[in-house]
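Rule-based calculations on the coordinates, nothing more; no lab input. All of these numbers come straight from a predicted model, not from anything done at the bench. All Cβ positions, glycine included, derive from the backbone under ideal geometry; neighbour counts span all protein chains shown.
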Amino acid sequence: MSGLLSNLTRPHGGDMAVDLGTANTLVYVRGRGIVLSEPSVVAIDSNSGKVHAVGADAKRMIGRTPASISATRPLRHGVIADFEVTEDMLRYFIRKAQETRFAHPRVVMCVPSGVTDVEKRAVEEACLSAGARQVQLIEECIAAAIGSGLKIEEPRGQLVVDVGGGTSEVAVISLGGIVVSQSLRIGGYEFDEAISGYVRREHQLAIGQQTAEDVKLAIGSASPLEHELQTDIRGRHLVTGLPTTVTLTSEEVRTALAEPVQAIVDVVKNTLEETPPELAADIADRGVALAGGGALLRALDELLWNETQIPVSLVDSPLTCVAAGAGRSLEEFEALARSSTRASRKPRRARGAVRQRRPRSFGS
């Protein structure tokens with residue numbers, strides 16, 4: 001009982017930040033750090049609508065469920081594709097991260113910079129329905145910069161590239177806000193789909209998403225490796241219909257990944273072209289910060305360096321820096337609220353346009 005009372009009376013003690021990603025959801029609780037990291041997957045009985053499993057348990061069911069149960073990812077390209085399932089998933093994660101089921105925390109939610117107003121409202125409503133008493137949004141690139149230790153409040157240009165599961169975010173940050181940003185709806189899942197498509201075309205072998213991801217992690221690369229790799233994969237042969245094993249090389253996987261990887265390189269170049277000269281000079285000096293799970297693709301930093309001639313460094317914790325940065329922003333919850341109010345008064349911008357705007361500081 002004393003633990004319950006202390007949690008309820010502690011000022012904002014149960015506040016949390018949620019990195020609601022297409023691939024994984026991470027929850028940061030104020031004072032405790034990151035307490036949960038699980039796949040953004042829900043297994044549901046299609047007849048009754050009952051949730052069978054969420055997170056890691058549900059991910060193990062993908063491709064292995066009977067007809068009456070579907071294991072799905074309710075988010076696509078960083079935005080909600082199935083509102084009700086997302087609400088169920090968020091409710092499960094929030095309750096699991098809480099020390100008491102009676103708390104209704106304030107929540108900071110991470111969203112891609114390219115989402116529309118409708119998509120933002122969907123995230124807010126899903127979080128409120130899942131038990132939050134107040135919700136504020138933070139752009140993933142800002143959170144990634146904070147989580148990787150960049151001093152975003154300085155009047156100097158810093159370029160952050162966040163390659164997630166469903167989206168890739170590129171942003172130039174100065175004075176605590178985004179100056180230029182572009183959001184590309186290509187990420188780790190497009191890498192997996194490119195690999196499975198290549199194997200189907202070249203080897204007449206059907207493989208699942210999990211197998212494609214395993215191949216990406218085992219031998220995937222964006223640039224030639226000093227020692228090329230290979231791995232054996234198993235799937236169903238499209239001609240015979242029988243289980244078949246095929247040896248795949250890292251050169252083949254690199255060929256499969258060439259198109260989505262080049263799209264990310266192009267959006268980085270486009271963002272640099274839109275960057276004001278003074279900030280571009282700062283970026284040339286300070287380099288590029290590479291974050292997100294997709295940034296772990298071998299030699300991606302090397303490819304970006306070769307294409308832009310700007311130093312590229314992988315942040316210390318690419319998988320968790322967005323959640324950690326959003327968690328640190330809990331200290332500026334009221335500033336986020338004021339910033340959100342100001343932004344809501346601005347006229348809407350055409351979707352897909354490069355966004356160039358005055359930086360907004362959390363401390364204002």
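Out of all DSSP beta bridges in the chain, what portion is antiparallel? Express it as a percent rounded to 5.
Here the antiparallel bridges make up roughly 70 percent for the chain.
Would you mind checking which residues have amide H under 5 Å from T22's amide H? H placed 1.01 Å from N; only 5 or more apart, or other chain.
The answer is G78, G165, G166.
Radius of gyration and Dmax for region 94-214's Cα atoms, expressed in Å?
Here Rg and the maximum Cα pair distance are 18.4, 55 Å.
Which value, in debye to the nearest 20, describes the size of the charge dipole of region 155-280 about its Cα centre when Lys and Arg Cβ atoms bear +1, Asp and Glu Cβ atoms bear -1, and nothing else is charged?
About 280 debye.
Determine ³J(HN,Hα), in whole Hz, for all residues of region 71-80 in sequence, where each value follows from phi through the Karplus function 6.51 cos²θ - 1.76 cosθ + 1.60 and θ = phi - 60°; x replaces Gly and Pro.
9, 10, 9, x, 10, 9, 6, x, 10, 6
Using a cut-off of 28 Å between alpha-carbon atoms, which lysines can reach K50, once sequence neighbours fewer than 8 places away in the same chain are excluded?
Straight-line reach from K50, under 28 Å: K59, K96, K120.
Write down the radius of gyration of region 152-300 and its Dmax, each obtained from C-alpha positions, in Å.
Cα only, region 152-300: 18.3, 63 Å (Rg, Dmax).
Given points 7 Å out from each Cα along the Cα-Cβ axis, report the L128 to A56 separation in nanometres with one decimal.
Calculated label separation equals 3.4 nm.
How large is ³J(HN,Hα) for each residue in region 39-47, as worked out from phi by the Karplus curve 6.51 cos²θ - 1.76 cosθ + 1.60 (θ = phi - 60°), to whole Hz, x for Gly and Pro?
x, 7, 9, 10, 9, 10, 6, 5, 7
Could you order peptides 294-303, 182-191 by the average number of other Cβ atoms within 10 Å of their residues, highest first?
Per-residue Cβ counts within 10 Å, averaged per peptide and sorted highest first, yield 182-191, 294-303.
For region 87-140, what does the relative contact order come out to in percent, with C-alpha contacts under 8 Å and a separation of six or more?
51
How far, in nm, would the chain grow between N47 and A218 when pulled straight, counting 0.36 nm per residue and subtracting the alpha carbon separation?
Working it through step by step, the gained length comes to 57.8 nm.
Taking a ≥ b ≥ c as the square roots of the Cα gyration tensor eigenvalues, with a/c under 1.5 meaning rounded and otherwise prolate when a/b beats b/c, else oblate, which class fits the chain?
oblate
Below 8 Å between Cα atoms, with a sequence gap of 6+, how large is the relative contact order for the chain in percent?
19 percent.
Between R76 and E278, what length comes free when the chain is fully extended (0.36 nm per residue of separation minus the Cα-Cα distance, one decimal in nm)?
Length gained, R76 through E278: 69.1 nm.
What nm value, rounded to one decimal, do you get for the distance between V35 and R286 when each label is placed 7 Å out toward the C-beta?
3.3
Any idea which of F83, P155, V107 is furthest toward the positive side of the dipole for region 68-166, if Lys and Arg beta-carbons carry +1 and Asp and Glu beta-carbons -1?
In region 68-166, that residue is V107.
May I ask for the Rg/Rh ratio of region 51-92, computed from Cα atoms with Rh as the Kirkwood radius, given to two decimals?
A ratio of 0.95.
Which three semi-axes in whole Å describe the equivalent ellipsoid of region 225-339, each the square root of 5 times a Cα gyration tensor eigenvalue, listed largest first?
One finds semi-axes of 37, 21, 13 Å for region 225-339.
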